[in-house]
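Single-structure report; data block below.
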2 protein chains.
Amino acid sequence: MSQPSDKALVPFVSVDNMMRLVHHIGIEQVLIDLATYVEDDFRRWELFDKTPRVASHSEVGVIELMPTSDGEAYGFKYVNGHPKNTSEGLQTVTAFGLLANVYTGYPVLLTEMTILTALRTAATSAMAAKYLAPKGSDTMAMIGNGAQSEFQSLAMKAILGLKTVRLYDKDPAATAKCAANLAGTGLNVVSCATPQEAIEGAQILTTCTADKQYATILSDNMVGAGVHINAIGGDCPGKTELAKGILERSDVFVEFPPQTRVEGEIQQMDEDFAVTELWQVISGQTEGRKDPRQITLFDSVGFAIEDFSALRYIRDKVSETPFKEDLDMLADPDDPRDLFGMLQRAKA
Amino acid sequence: MSQPSDKALVPFVSVDNMMRLVHHIGIEQVLIDLATYVEDDFRRWELFDKTPRVASHSEVGVIELMPTSDGEAYGFKYVNGHPKNTSEGLQTVTAFGLLANVYTGYPVLLTEMTILTALRTAATSAMAAKYLAPKGSDTMAMIGNGAQSEFQSLAMKAILGLKTVRLYDKDPAATAKCAANLAGTGLNVVSCATPQEAIEGAQILTTCTADKQYATILSDNMVGAGVHINAIGGDCPGKTELAKGILERSDVFVEFPPQTRVEGEIQQMDEDFAVTELWQVISGQTEGRKDPRQITLFDSVGFAIEDFSALRYIRDKVSETPFKEDLDMLADPDDPRDLFGMLQRAKA
């Protein structure tokens, strides 16, 4: 059988190769680069084809497709969310993604996106904090020390110059895991016994817990003036982390309002609750932080454009490395009308 | 680095392996099997999660995601349509698909679907003809001798007992290619110089041409009583093959009305033009052909459930064969909360 042509081969980045690529570049450099790619795409937000996720719900979880396009490239992510998986030794979330050429319709990259999503989420948080956090922020409270916590801490260090992270989780084993992983990264890591202790002296408060419920990780009286809240864990219907009173005192910044009003912290508020779209800050159409005493809140739920940025980045970086395999995924008969002949000749 | 666990590996069927699998089973047997899988899923049509395709249009083509679920498995197909590709030596249509477990959200199969779509389209046509074509149909006119023509002919032979296929294409080279490919399949193949000649004595008229326009491949006066029209090529907005008068004299059967009214032959008709959903015939809720002199018309545009059936079939068949590779596509840390630790340990 003849070899498939180059055009029929799709570069694939496995989990193993993603890890190799990340270490080849360096984790902090990857976070810095990703923040730049996300920032560039937020700046040209208006030209993207934007749709809410396409979700298929079942009693135990959800499977979603998140497509978008900038007119030149088309990307989508497949991602599931199954909170009960952990107790069965499986991941709550797994993801992969694909980038295609809009002009030909041919896929140009297939990649794991579980690790990549963790990286892009942290890079997006740090990019937003650059515009929203008080000047000179050097201390972050990290409340919730699960899978995203180290990525958040390292992104804030690499992109914002964070010096100290103060960890809290209701499960001390999670805090111990996070502290151990962050040892040697250059961050000053402080393990705390209560949320109150964790937020002492912090200009940035990051919440990222796993409970799927209306929880109050930060109560109204815990949040004083002049902080930036980076709310990551209020990211699906029925799941929030902040007291309503905090939202009322904050200036709230979001990715894509139609999605955030359903999935974010602001699902607690009326439909006309005022929010600012982050892309408008980044493109210079409106201000981010205006006042040192202001409370800014990034109500982040994750949006398809951030995955698109991450896919673009991996496509650009992986092309000149060995960290990929070629998948024979596209049928490529010499004569496009002769698919059957190609199949028949393969019998020999 | 430790090996990923079995759960993190996704079986992948390449184009090469798909061809090997098809020949291992036998093309006609694959068509028969696929028709059974599609028929089974049409019989339980009501329990599927059905949405129109999610399309991203550009000036030169379209990229679509076609998801569906039966509550146990979730499937989607990625497919592009770029008519201008042929002149650039590329495929007009390429496709791949994925099947996942709804209970865990984990993908269980990734496969090429360019060849598989050609097979499932033909199997669906023949399955519909079983219910709609006149009893004892043994001759088919195949108008349009492109990539789908041999698959259609062979499926009608394997599933319906077709004996003779009468070929016509405005390009005699396409007819010659189709006739050569069908030589030795046991079909009596007659190459014709005009559409009128092709339909002589045929009980089944299959139209499958490529022009993206409102074309009239069959005019009203060409179609007499007692035939079944299998209309494949009227499958996107602005692309039809049949004169309106034929539709007015026919009983029209469709897959999913909201999609067919936009993409099928019936885009020419008013929104309330009466159609029968094919699944209702297959599940016994309504009759297919009622009268030998009736004109039946299957206005086929292709629907996500047919791809789902095809994905189920490949999953079932490939599992016990060597015709697959395992892709390391899902990150699988020992402790789900320790994704960062897994990444960090990979550095060593």
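The values are calculated or read from the model by the stated rules, or taken from the named source; none is laboratory data. Because the structure is predicted, anything quoted here is derived from the model rather than measured. Counting neighbours? That spans all protein chains shown, and the Cβs are built from the backbone with ideal geometry, glycine included.
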Taking residue B:42 as meeting all but one of (1) within 30 Å of residue A:70 (Cβ to Cβ); (2) surrounded by 22 or more Cβ atoms within 10 Å (Cβ to Cβ); (3) in contact with a helix residue (DSSP H, G or I) (Cβ under 7 Å, 6 or more places away or on another chain), write down the number of the exception.
-> (1)
Working only within segment B:166-208, note down all residues that are surrounded by fewer than 19 Cβ atoms within 10 Å (Cβ to Cβ) and of a type in the set (Ser, Thr, Tyr).
-> B:185, B:191, B:194
Unique residue being out of contact with any helix residue (DSSP H, G or I) (no Cβ under 9 Å at 6 or more places or on another chain) and either in a loop (DSSP other than H, G, I, E, B) or not assigned by TED's automatic domain parsing to the domain that holds residue A:239 (or both) when the list is A:320, A:287 | A:320
For residue B:71, which of the numbered conditions (1) closer than 29 Å to residue A:102 by Cβ; (2) facing another protein chain (nearest Cβ under 7 Å) fails to hold?
-> (1)
Can you tell me which of A:155, A:147, A:133 is outside the structural domain of residue A:31 (by TED's automatic domain parsing), crowded, with 24+ Cβ neighbours inside 10 Å and in contact with a Lys or Arg (Cβ under 6 Å, 6 or more places away or on another chain)?
-> A:147
Restricting segment B:47-58 to residues that are farther than 30 Å from residue A:47 by Cβ and in contact with a Gly (Cβ under 9 Å, 6 or more places away or on another chain), which is farthest from the other protein chains (Cβ to nearest Cβ)?
-> B:47
Determine if segment B:182-189 includes at least one residue that is facing chain A (nearest Cβ under 9 Å), assigned to a helix (DSSP H, G or I) and modelled with pLDDT under 95.
-> no
If you check residue B:13 against the conditions, is it within 25 Å of residue B:105 (Cα to Cα), more than 14 Å from chain A (Cβ to nearest Cβ) and of a type in the set (Val, Ile, Thr)?
-> no
Hey, could you check segment B:16-46 for residues that are hydrophobic (A, V, I, L, M, F, W, C) and within 17 Å of residue B:258 (Cα to Cα) and say which is farthest from the other protein chains (Cβ to nearest Cβ)?
-> B:42
Would you say residue B:56 is buried (at least 19 other Cβ atoms within 10 Å of the Cβ) and without any contact (Cβ under 8 Å) to a residue 24 or more places away in the chain?
-> yes
Determine whether segment A:112-127 contains at least one residue that is on the phi > 0 side of the Ramachandran plot and within 8 Å of chain B (Cβ to nearest Cβ).
-> no
Looking only at segment B:303-317, count how many residues are surrounded by fewer than 21 Cβ atoms within 10 Å (Cβ to Cβ) and either of a type in the set (A, V, I, L, M) or not assigned by TED's automatic domain parsing to the domain that holds residue B:47 (or both).
-> 0
Listed residues A:327, A:343; which is in contact with a helix residue (DSSP H, G or I) (Cβ under 6 Å, 6 or more places away or on another chain) and closer than 30 Å to residue B:18 by Cβ?
-> A:343
Answer yes or no: is there a residue in segment B:21-40 that is over 20 Å from the mean Cα position of the chain (by Cα), more than 22 Å from residue A:342 (Cα to Cα) and not in a strand (DSSP E or B).
-> no
Checking residue B:163 against (1) over 20 Å from residue A:341 (Cβ atoms); (2) buried (at least 16 other Cβ atoms within 10 Å of the Cβ); (3) in contact with an Asp or Glu (Cβ under 6 Å, 6 or more places away or on another chain), the condition it does not meet | (2)
Could you grab me the full set of residues in segment B:308-322 that are more than 20 Å from the chain's Cα centre (by Cα) and among the small types (Gly, Ala, Ser)?
-> B:319
Counted residues in segment B:88-111 being among the small types (Gly, Ala, Ser) and more than 10 Å from chain A (Cβ to nearest Cβ) come to 1
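A quick yes/no check of all residues on (1) touching a helix residue (DSSP H, G or I) at 6+ places or on another chain (Cβ under 9 Å); (2) modelled with pLDDT under 95; (3) more than 26 Å from residue A:67 (Cβ to Cβ):
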site	(1), (2), (3)
B:10	no, no, no
B:15	yes, no, no
B:22	yes, no, yes
B:25	yes, no, yes
B:61	yes, yes, no
For segment B:312-344, the count of residues that are touching a residue at least 60 places away in the same chain (Cβ under 8 Å), more than 9 Å from chain A (Cβ to nearest Cβ) and not β-branched (Val, Ile, Thr) equals 8
Say whether the condition of being touching a Lys or Arg at 6+ places or on another chain (Cβ under 7 Å) and closer than 18 Å to residue B:148 by Cβ is met by at least one residue in segment B:113-120.
-> yes
